[in-house]
Amino acid sequence: MAKSFKELFINNEKWVQSKLEQDPQYFEKLSKGQKPNFLWIGCSDSRVPANEVTGTESGEIFVHRNIANMVVHTDMNLLSVLDYSVNVLQVKHVMVVGHYGCGGVNAALGNQQVGLIDNWLRNIKDVVRLHKEELDRIEDPVLKSNRLVELNVEEQVFNLSKTSIVQNAWAGNRKLRIHGLVYDLKNGLLKNLNVSMGDVAALDEVYVFSPPPASSGAA
Ligand code: CO
């Protein structure tokens, strides 16, 4: 089952051949540029590949992945991907995609130190604290973990909506929607959590920015 490093190149050549058989211009067309409609913010987990589970091709989804699909406001990597995809690529949908059985979420639910990652997963512990009442009522550890996966996705959608990047797009009347999805490793299905947002209506007032002032040109 486990492939060798060398096999990756053998498979790559086969893949190039099969693409060229379908469309001799496949790579030439793709090399000219990209215009994806979607930004996917998913978990780094090797079992949740964005293109494969959505039946999309190269060029269709801009992808950012980190452990437990987090939107952390001090993460320059995430913010750069978000800004570039919203303002330059002009994607129409941003989706946070969690998955049941997420090791990061499970680690955050527990009290054991794992290593450096504890500091990253600490953000999920805030989600646990926010929803403590509901989570405490769930006794089954798998169901509790599954619910936290969903709640964590929902919080990351809120985190997206709190960024000036997303709010400025909405203020500029851009048709940008942000969504929360969960992938089920056990059956391969993507579930829409129906927590989509297209404006700041659901946000606490303190998170809503006034539109940026028009530049006066004065130094
Ligand atoms: Co995960």
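Using a/c under 1.5 as the rounded threshold, could you call the chain rounded, prolate or oblate? The axes a ≥ b ≥ c are square roots of the C-alpha gyration tensor eigenvalues, and prolate needs a/b larger than b/c, oblate otherwise. Taking the square roots of the gyration eigenvalues as a ≥ b ≥ c, the chain is oblate.
Please build a GNM for the chain, connecting alpha carbons under 10 Å apart, and tell me which residue among D45, D23, D118 fluctuates the most. The residue with the greatest mean-square fluctuation here is D23.
For the pair N173 and V16, a Förster radius of 30 Å applied to the C-beta separation gives a FRET efficiency near 0.10, rounded to the nearest 0.05.
How much of the accessible area of the chain, in percent, comes from carbon and sulfur atoms when a 1.4 Å probe is used? Provide the component values of the computation, followed by the final result.
Working: 7200 of 13440 Å².
Ligands and nucleic acids excluded, carbon and sulfur give 54 percent.
Hey, what's the chain come to in accessible area per residue, 1.4 Å probe, Å²? Ligands and nucleic acids excluded, the result is 61 Å² per residue.
Provide S18, S210 ordered by accessible surface of protein heavy atoms (probe 1.4 Å), highest first. Kindly include the intermediate steps, with their values, before the conclusion.
Numbers: S18 45, S210 100 Å².
Largest accessible area first, the residues go S210, S18.
Taking 13 Å as the straight-line reach from the Cα of K3, none of the aspartates and glutamates fall in range once those fewer than 8 positions away in the same chain are excluded. Close amide H pairs (under 5 Å, H built 1.01 Å from N) link K191 with V182, Y183, D184, residues at least 5 positions away or on another chain.
Here the Gaussian network model covers the chain, with springs between Cα atoms less than 10 Å apart; of G172, G115, G42, G115 fluctuates the most.
Candidate cross-link partners of K19 among the lysines, defined by an alpha-carbon separation under 21 Å and a same-chain spacing of 8 or more, comprise K6, K29, K32, K35. Karplus-based coupling profile of segment 151-166, in residue order and whole Hz: 5, 5, 4, 4, 5, 6, 5, 4, 4, 4, 5, 8, 7, 4, 4, 5, with θ = phi - 60° in 6.51 cos²θ - 1.76 cosθ + 1.60 and x standing for Gly or Pro. Just so you know, the Cα atoms of segment 121-215 work out to an Rg and Dmax of 15.9, 55 Å. For the pair M76 and F5, label points projected 7 Å from Cα toward Cβ lie 3.0 nm apart.
The values are calculated or read from the model by the stated rules, or taken from the named source; none is laboratory data. Model, not experiment: these values are computed from the prediction. Cβ coordinates were reconstructed from backbone atoms using ideal geometry, including for glycine residues, and neighbour counts include every protein chain displayed. Please note that ligands, DNA and RNA were not included when accessible areas were found on the heavy atoms of the full protein model with its side chains. Shrake-Rupley method; radii C 1.70, N 1.55, O 1.52, S 1.80 Å.
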